[in-house]
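A.B. asks: Dropping a structure here in structure tokens format, bear with me for questions.
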Amino acid sequence: MGEAPYSLWRQGGAAGSCFMAAAMFTPAYRPMAQRLLASLEHFDLAHALFEVPQVHRSISVKGEGDLSVSKPRFIRYLLERFQMPVLYLDADMVLRRAPGRIASLARKGCDFAIYNWLADTMNDTWRPEPGTPFWKFYFSVDLASASQLMASGAAQFWRGTDAAFALLSDWEQSLRNHPLSEDDHCLDFAYNHGDRTGLKPHWLSKAYCRYAFWIYARPVIDHPQFPAPVSGQYHQLGSERFDRAKLVRAEKERPFPRDAVVDAAGRQLLRPGHPAEPLRRRLYLA
């Protein structure tokens, strides 16, 4: 596979840990990596952060075609180097609480864990009106499946088993076959269309890959910013990511009525034709 382009920047944390937290970042993301490092050190987690000259284009539209700096190749490198389970994190994540669930998955022999929109019974997202405390419904995924994956991969757990390595290989091949698609979409394709015999997966809750649009989810591993909008440079895989026969339309739970406005300052719900109602959920705002 050639020489790995990863330059170890920081390593440390508790000896005897049952997993290693790791991330890679480009020089432009060093401030984000420093924030992540501080949170890993705060919870005394075993960690290793690597600087790379660039990332693969499936991660950033500014990237190029070098698969050695793609997520599946980096995760494989970590598993082989450290010989222990790995919690992969995007460099712009930050830990808010100790990730006890990850330690539990490591002890229980889980092979692969990630957030799966299809498995989440409540995934409504919300966005603020610019310059106001008012939040409105943004989007949701009202589909479900017992066997399919629609991933958000900013936080992922991997164990170095044959089944996990097979998925990493299929993911990398999907990146080759779909060179203008995002990494998460290629992982969906690999998982949903490959042979997952022997794999022991687990679906992480929103708390372990919490984006700013989930204002009702208390974060453990947080992405404080909103995800960047999908660039027009990406040719998305679309419905071919899935075995459509295994998808069903689902009536999912809603944290707030979708026609409401969440007034974060006044801690109330505003709905057309209804009196203001006090919020019954706590909000978690950056």
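The values are calculated or read from the model by the stated rules, or taken from the named source; none is laboratory data. Nothing here was measured: the structure is a model prediction, and the numbers come from that model. All Cβ positions, glycine included, derive from the backbone under ideal geometry; neighbour counts span all protein chains shown. In case anyone asks, the SASA skips ligands and DNA or RNA and just uses the protein heavy atoms, side chains included. Shrake-Rupley method; radii C 1.70, N 1.55, O 1.52, S 1.80 Å.
A.B. asks: If you check 24, 20, which single one turns out to be in contact with a Pro (Cβ under 9 Å, 6 or more places away or on another chain) and aliphatic (A, V, I, L, M)?
C.D. replies: Unique residue meeting the criteria: 20.
A.B. asks: Taking only pairs six or more apart or across chains, which ones have beta-carbon atoms under 8 Å, a first residue in segment 158-179 that is touching a residue at least 12 places away in the same chain (Cβ under 8 Å) and under 21 Å from residue 81 (Cβ atoms), and a second residue that is open to solvent by 40 Å² or more (accessible area, probe 1.4 Å) and of a type in the set (A, V, I, L, M)?
C.D. replies: 160/84
A.B. asks: Could you please tell me which pairs satisfy a Cβ distance under 7 Å, a separation of 6+ or placement on different chains, a first residue in segment 249-275 that is more than 11 Å from residue 136 (Cβ to Cβ) and open to solvent by 60 Å² or more (accessible area, probe 1.4 Å), and a second residue that is charged (D, E, K, R) and assigned to a loop (DSSP other than H, G, I, E, B)?
C.D. replies: Qualifying pairs under 7 Å: 249/142; 254/124; 271/259; 272/259.
A.B. asks: Tell me, yes or no, whether segment 153-170 has at least one residue that is in contact with a strand residue (DSSP E or B) (Cβ under 6 Å, 6 or more places away or on another chain), open to solvent by 20 Å² or more (accessible area, probe 1.4 Å) and modelled with pLDDT of 95 or more.
C.D. replies: No, segment 153-170 contains no residue that is in contact with a strand residue (DSSP E or B) (Cβ under 6 Å, 6 or more places away or on another chain), open to solvent by 20 Å² or more (accessible area, probe 1.4 Å) and modelled with pLDDT of 95 or more.
A.B. asks: Going by what's in this entry, would residue 106 be described as small (Gly, Ala, Ser), within 14 Å of the chain's Cα centre (by Cα) and surrounded by 20 or more Cβ atoms within 10 Å (Cβ to Cβ)?
C.D. replies: The answer is no for residue 106.
A.B. asks: It is to be established whether one or more residues within segment 68-91 are more than 20 Å from the chain's Cα centre (by Cα), of a type in the set (A, V, I, L, M) and under 18 Å from residue 168 (Cβ atoms).
C.D. replies: Yes, segment 68-91 has at least one match.
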